Structure formats: C-alpha cells, structure tokens
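S.K.: The structure under discussion is supplied below as structure tokens; questions concerning it will follow.
The values are calculated or read from the model by the stated rules, or taken from the named source; none is laboratory data. Note that the structure is predicted; figures quoted are calculated from it, not measured. Positions of Cβ are backbone-derived with ideal geometry, glycine not excepted, and every protein chain shown enters the neighbour counts.
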Amino acid sequence: MRRYIALLRGINISGKNKIAMSELKKGCVDIGLAEVTTYLNSGNVIFSSAIDDKDILSNEIKLMIKDSFALNIPVFIVMQEELEELLNNAPDWWGDDNKEIYDNLIFMMPPLSYKEFYDEIGNTRDGYEKAHNYKNVIFWSFSRKDYQKTNWWSKTASSNISNKITIRTANTVRKITSIKL
C-alpha cells in the first residue's frame, strides 16, 4: 500500500462546491481507499491504496465526487513521499517563519507545463512576489500587505489555466505531508 494525497480544486470556497469532509471521506472509503483522513475543509485527502497509478486514482475520486455530490472537481494526486521530496527542494526564501510573507505551493495538474503556466500568467512582480519552479509545482511567496500589487494574485484565479492548478499554503502542505497512519 502506498500513501497518497488528493488535492481537490475549488471546493468549499465562498459557499460554492460544498462538500462535507465526513461525506468525502466516506465516499473515498466506499471506492476502496484505505486509511482515509481529511485535513481542513479545502479538499485535502490523505489515503492509502494498492493502486499504483495516480491517473486511475484521480479518475476514481472525480467520478465518486460527480456521482455523490453532482460536482465536476479537478483532483490532483501526489504520493506522500513525492510531496516530501518537493518540500526538500524548496528555495531558501520559501516557507520560513516570516508572518509578513504568504508562502504557497502551486500544483500544476498534468498535462499543464510550467511554460504554459508562465505564458498565461506572466512574470512575477519584482519586489512583491517570488516564484521558483520545481518539477510540477511552483513555490510562490508574496507580501501579505501588498498582495494586490502582485502580478499573479488575481491571475491564478481568473486565467484560462485556473482550473488546471490548485494552490496550498506552506503550512497546509507541511501538515498533509506529515500525517502518518
């Protein structure tokens, strides 16, 4: 059995795409996932499975959500050990204890590439935000007080690729990586 993390995009935001985590957990158990736990209300599901194909797991969870909740939700799957490796390769400036800075990890859902992301979103704004691409994620940080001055803040939600990414804070990523059963 391998440990996976499913990141659901766009649930329980501003009253839209509501899914109770207890119902999501039950649905995941019903489709055969083991040791299922959820974290926060934003669609972080940690589970074990003997299935060794992230695409199959993603499709099974998407279908369960469509059948159970009548929602078409993008699902990004990452192995827990892969996420640990990604965090081990974070840039020095990302995810420290500076409360003035907001640190995020942008997950690019296949087949989205960094080039396609960058072509759509553009450059970060010097002095207000930093970004570093590593594999299928982008480490992104910006000043909390100046978030409206960033180039990426509004674009990550309103661009043509917004349904091909999902974003988590540094603290959330660390927590879901550390959950062991």
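S.K.: So if I check each of Ile5, Ile51, Ile13, which one is crowded, with 18+ Cβ neighbours inside 10 Å, of a type outside the set (Ser, Thr, Tyr) and out of contact with any His (no Cβ under 6 Å at 6 or more places or on another chain)?
M.R.: Ile5
S.K.: (1) touching a helix residue (DSSP H, G or I) at 6+ places or on another chain (Cβ under 6 Å); (2) β-branched (Val, Ile, Thr); (3) under 26 Å from Phe142 (Cβ atoms): which one isn't true of Val78, the others all being true?
M.R.: (1)
S.K.: How many residues does the stretch 43-60 contain that are among the aromatic types (Phe, Trp, Tyr) and assigned to a helix (DSSP H, G or I)?
M.R.: Total satisfying the criteria: 0.
S.K.: Would you mind stating whether Asn151 is touching a Phe, Trp or Tyr at 6+ places or on another chain (Cβ under 9 Å), outside the structural domain of Asn41 (by TED's automatic domain parsing), surrounded by 14 or more Cβ atoms within 10 Å (Cβ to Cβ) and touching a residue at least 24 places away in the same chain (Cβ under 8 Å)?
M.R.: On the way: touching a Phe, Trp or Tyr at 6+ places or on another chain (Cβ under 9 Å): yes; outside the structural domain of Asn41 (by TED's automatic domain parsing): yes; surrounded by 14 or more Cβ atoms within 10 Å (Cβ to Cβ): yes; touching a residue at least 24 places away in the same chain (Cβ under 8 Å): yes.
For Asn151, the condition - touching a Phe, Trp or Tyr at 6+ places or on another chain (Cβ under 9 Å), outside the structural domain of Asn41 (by TED's automatic domain parsing), surrounded by 14 or more Cβ atoms within 10 Å (Cβ to Cβ) and touching a residue at least 24 places away in the same chain (Cβ under 8 Å) - is met.
S.K.: If you go through the stretch 125-137 one residue at a time, do you hit one that is surrounded by fewer than 16 Cβ atoms within 10 Å (Cβ to Cβ), free of Cβ contacts under 8 Å to residues at least 24 places away in the same chain and either β-branched (Val, Ile, Thr) or not in a loop (DSSP other than H, G, I, E, B) (or both)?
M.R.: no
S.K.: Further question on the same structure: Please enumerate the residues belonging to the stretch 1-42 that are over 15 Å from Ile179 (Cα atoms), in a loop (DSSP other than H, G, I, E, B) and of a type outside the set (S, T, N, Q).
M.R.: Met1, Arg9, Gly10, Ile11, Gly15, Lys18, Ile19, Ala20, Ile31, Gly32, Leu33
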